[in-house]
Amino acid sequence: MVFDVPFDAAGQDTLSFSGICREVVLPLVVGDQVIATFNLGSRRSDAFPPREVAVLSQIAAELAVALMQAEAYEREHAAAQTLQELSDLKSDFVSKVRTSSARRSPRSSAPPTT
């Protein structure tokens with residue numbers, strides 16, 4: 001979607017302050033889900049003809065996939081970190097149980113009674 005930024009909006013938003021007069025908004029789609037939008041602005045009133053929008057749409061599609069892969073990586077990394085912490089806790093627990101059991105085991109210092 002390409003649209004002109006109206007001049008009457010001057011002073012009301014950051015686009016007006018930056019001199020942006022034309023904007024393109026492209027959805028970032030993965031599967032059938034829109035995960036974000038890719039917004040570009042230009043100071044040129046003739047910016048974003050259909051040919052450029054087609055190229056930008058391809059870039060938006062690649063960006064959507066890259067964002068999903070980055071999120072998946074972050075989730076996997078967090079899960080691996082949690083698993084490592086749990087493994088460390090388990091190892092500490094087992095070590096303490098073994099140490100405690102070794103202290104409680106009866107020692108055969110007294111002669112057996114008959």
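The values are calculated or read from the model by the stated rules, or taken from the named source; none is laboratory data. All figures in this text were calculated on a predicted structure; none of them were measured in a lab. Don't worry about glycine lacking a Cβ; one is built from the backbone with ideal geometry, like all the others, and counts go over all protein chains shown.
Computed values, structure above
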| read-out | value |
| --- | --- |
| Residue ID - modelled with the lowest pLDDT, chosen from residues in the range 6-24 that are part of a loop (DSSP other than H, G, I, E, B) and out of contact with any Ser or Thr (no Cβ under 7 Å at 6 or more places or on another chain) | Gly11 |
| Criterion (surrounded by 12 or more Cβ atoms within 10 Å (Cβ to Cβ) and either hydrophobic (A, V, I, L, M, F, W, C) or out of contact with any strand residue (DSSP E or B) (no Cβ under 7 Å at 6 or more places or on another chain) (or both)) met by exactly one of Ala80, Ala61 | Ala61 |
| Close pairs from the range 52-68: first within 10 Å of Leu28 (Cβ to Cβ), partner small (Gly, Ala, Ser), Cβ under 9 Å, at least 6 apart | Leu63/Ala36; Ala64/Ala36; Leu67/Ala36 |
| Selection count, the range 25-74, where residues are polar (S, T, N, Q) and in a loop (DSSP other than H, G, I, E, B) | 1 |
| The range 27-45: number of residues that are of a type in the set (D, E, K, R) and free of Cβ contacts under 8 Å to residues at least 24 places away in the same chain | 2 |
| Top-ranked residue of the range 41-74 - restricted to ones that are acidic (Asp, Glu) and closer than 19 Å to Glu23 by Cβ, ranked as modelled with the highest pLDDT | Glu52 |
